[in-house]
1. Mind ranking 932-941, 482-491 by how tightly packed they are, going by the mean number of other C-beta atoms within 10 angstrom, highest first?
2. State the extension gain, in nm to one decimal, for the chain segment bounded by residue 753 and residue 480, taking 0.36 nm per residue of separation less the distance between their alpha-carbons.
3. P(r) tail for segment 715-830, what percent of Cα pairs lie past 19 Å?
4. I need the peptides 865-875, 755-765 ranked by packing, meaning the mean over residues of other C-beta atoms within 10 angstrom, with the highest value on top.
5. Spin-label point model (7 Å from Cα, Cβ direction): what's the residue 319 to residue 825 distance in nm?
6. Computed on alpha carbon atoms, what radius of gyration and Dmax characterise segment 440-577, expressed in Å?
7. Lysines within cross-link reach of residue 913: Cα-Cα under 22 Å, excluding same-chain residues under 8 positions apart?
8. From the phi of every residue in segment 636-649, what ³J(HN,Hα) in whole Hz does the Karplus formula 6.51 cos²θ - 1.76 cosθ + 1.60 yield, where θ is phi - 60° and glycine or proline is x?
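FYI, it's all coordinate maths here, none of it is from the lab. Being a predicted model, the structure only gives us computed values, none of them experimental. Virtual Cβ from ideal backbone geometry, glycine too; neighbours counted across all protein chains shown.
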Amino acid sequence: MPGRTSSRTTTRQSTTSRTSTAAVSRKSSAATLKSRSSTASRFSSANVIIPEEPATSALRVQICSIFSDTQRTTAGHRKSVIKLRKIQEACCYEPTSNSGKDTRDFDEDEFNYEVGRCTVRLVAVKKAEPAGDRVVRFLGLYLSHANEKDNTLVAEEYDEGFAETPSSRLTSYILSLVLPFLASKEKTVRFRSTQLISHIINSLDSIDDDLFQQLRLGLLKRVRDKESMVRVQAVLGLGRLAGNETEGDPNGDDSDDEDAGGLLEKLLDVLQNDPSADVRRSLLLNLPLTPTTLPYLLERARDLDPATRRALYSRLLPSLGDFRHLSLSMREKLLRWGLRDRDENVRKAAGKLFRERWIEDCTTTQSTVQECSQEGNAVAEARSPNFEGLKELLERIDVVNSGVESGVAQEAMKCFWEGRADYREEVVFDDSFWDGLTAESAFIARSFNDFCRQQGDAKFEDLVEEKMPEVTKLAFFLQRFINKLLDSLRRAAEQGDDAEDDDTAELEFIVEQLLQIAQTLDYTDEVGRRKMYALLREILALPELPEEVTRLIVEGLRGVCGGDPAGEREFCGVVLEAIAEVHDTITGDDVEEEETDPDESFHSAKSELSEDMPKRLKTSRSRSPEVDENDEEKAMKEILVNMKCLYITQCMLENVEGNLQQNIHLVTMLNNLVVPAVRSHEAPVRERGLTCLGLCCLLDKTLAEENLTLFLHCFNKGHDALQTAAIQIISDILTVHGSSLLSSPTCPVEEKMLYKMFSKALKADDKIGVQAAACEAACKLMLGLVVKDEELLKTLVVAYFDPGTAENLGLRQGLSYFLPVYCHSRAENQMRMQEIAVAALHSLILLHDNLDEEEEMVTPVMIASHLVDWTDPRKVVSVRDMEALADDIGRKEISKSIDGTVHMDLAKDVLEKIASNASKEEKKVFCSVLGKLYVSKYSDVEKIRTVYELASQIVEDKLLSDAPSRNALNKLYVALGKIIDSLGEAEGVDEEHGEETKITPIDAEEEEEPEEADEGLEDAAATVRLTDPKDDSLLGELLDDELESELDDSF
């Protein structure tokens, strides 16, 4: 990195004699830097005066020949550098031979002048010309080579400091010559001069201190250049200079400009806020890696530009060194952002970083890590698999927390196994591996098992069967670690030690991984199946187990029992037995089981509770104020009983698909457990019971009908969490049983009650979670055609653009996907959108007019463009499928034959709105719709005629006063007139008005006001398609001058 030169160490010698090739030039040099003030004055001058050139000399011929060669190709640059260096030595040093006699009579000043003369010619070369880039590259290569040679020659004479040499003076001369061009008005000149200066800066090891300040000041001004290509080159040079920000005083006496201070801070601001992705990417790769800049650089993992995000993972992070220097949270974020990126190339780069660079950091020594980091982007050569290093890598990303179901460790290991075949072949899961199981090794086994079994075509099925243990052996390992977990849980409960909690968390994670593996095993081996069945049945009844372990046990037990109806009944019976044992174990009460008549079990949860209901699940309704300590503990245990039993029940119901009435175990569970929980006075028990009741309703339609009122009541009276649960339950019930549930005569809930619930939730801006849940539920129901309510659709459209939902990102993201998919998936959905489009647009216009100062909203014109795009009949899936199968000619024919009735209906609604008492601004918005509609002769003829008549009436009444609105209406008017005329209908329409009239357009060029630019979607900005090219002769007749003037006068 170039260093600043202290004036105290700068040595200037000037003599007149040449001694040897090892001595510096003894001629005085005129190539000294000007003062800062004079340079700064030239920055503001756009016109540079070029002095007259002296006569052509042999030196100029040779130098020009070299520069000419460098323009053609970069292959000969090294040879050209050596040639030019020999010429420089002949001009600046005492020659030792007769070679180069043509240049011996020239001195250093003349050599510098000729090189500068060729350099100046570069600044006018356009960016697209590769010859300019080659010359810039050659100059940087030459100056680096020449300075290195001169520094070697004077190394003995100047032990330290900046020694002035012919090459350093040449560098200063060229930079001083190019600096004034930074302020040129021509963008090409600014680009080339900035490019040359930045390239020279990056090619040198040190520069003069005064020159440093001038370059810094000049490039800082180019950081704010309006051309992104200039800014890119400026930040390339400043990134190299930024490393010296802490050396000396950046705001010294020579720095009176406001742009001179805080170079690094300014570059970081550019990195965050520059609109050009190329500028941000250049800074990302050229800023110095310091504790100050590192957080800003890593922040580019969330950059808008995919190439910038990819550069971070493929270039910056591999060159960063040992990843273990990063904090744990930053490692986890980088992995999560990279592996879940929406761009495939970014995901590949992040996966490669994890499986090649980070694993090498954990498996190599520190010296090897440093060697790898010096190689830049090159990844260290693959070494033999080291599973201890892999365990350390998983430990470094905190696999206990990141290895859960939604964690990033699973995705990281999937990429790892996919790209490291050597680790796949070398991994061994023997008895010693399972005996010394840790959280990291357990996750290795689980991730390897999942990867091999999830590959298509059973690609690695043989490999996983060979390496993974059989069912019986895995059951023994599982039992061993379950016992360890129980012991740890009891010790942690007794001691309350944090260290014990950490051990418990690790053991819990190990058990979860073993249970995950158990779910994928083949249970055709009856001996192994019985062993696993008995183990899972036994541990399910252990009350101390955490909820996540309980859930995995239930899912594993479901797989062991089999997927047929008999296996499902067996599964339900086993789970209910375990529930009873859990209750008895915690409370210590022996409760007799009572038989329940299944025919009397199907009643609403709001009905009266039977006197025979087991007392073990009833919560106390009233308590004495003087409750002793034992009673409080008993009450807490009773709540724990209900919560644990209901959670097991919930897990069981999530894994059952059969009919509720045909399973006696489910009937017993419903009456003895779920219904009492829903009636409980304890809020946690009641909410979990409600969830279980909702799952039961999915298995029986009658039960769902009876309890819809209960769920609506929970939404109306409950808190936010209960409202969200009620919305999700009702949505699931409607999805499973369909809309016929609401039309049933026995259902107490009407459709409008549900629609009112959704509308109320969507308008609750202060309840973001409830609003997002309602949006998601409504979108799913409408996509599945379960709900077809137009008012609900209008509410969704208004909520999408409403500034009150700006903070609800879940709702906005869901609607941004739902609305185009809903409209373009079916023609009938587009009809519904068309029917509410004008009303929704009217509501949004009023909302836009009443905005507060701090609120922001999309313009009504853009909203109108969205509505036109969503109702475009050419974008329906069936039409696009036909076009995809057709060739170019067939695609045009298909596009012409599309029925545009939906846009005719929209045009009718818009024209009626314009003809009503709409305001002037509102008419402008509605007229912007007319110019974007798709007009087709295959639309309904009667609707075409109706729209045509409405347009004629608006023309006659002169309802539009501004030119853009009249032009938009005229565009539709002419297109409809052509269609009617081509169908032979124009005469009939004219006779109704008592005269014969031809339709002519308004000449938009004669209007004073230009047509407003379209602010809508790109796809929505579809111009009106004329019906057929053969109607050009008719168009000529329609453009009659006299009739055009008559129509213009009517406006």
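1. Answer by packing, highest mean first, reads 932-941, 482-491.
2. My answer for the length gained is 92.8 nm.
3. It works out to 43 percent of all Cα pairs.
4. 865-875, 755-765
5. Calculated label separation equals 4.7 nm.
6. According to the Cα coordinates of segment 440-577, Rg and Dmax are 15.9, 51 Å.
7. Counting by Cα, and skipping residues close in sequence, residue 913 has these lysines nearby: 794, 923, 924, 932, 943, 958, 971.
8. Taking θ as phi minus 60°, the curve returns 5, 5, 5, 5, 4, 4, 4, 5, 5, 5, 5, 5, 4, 4 Hz for segment 636-649.
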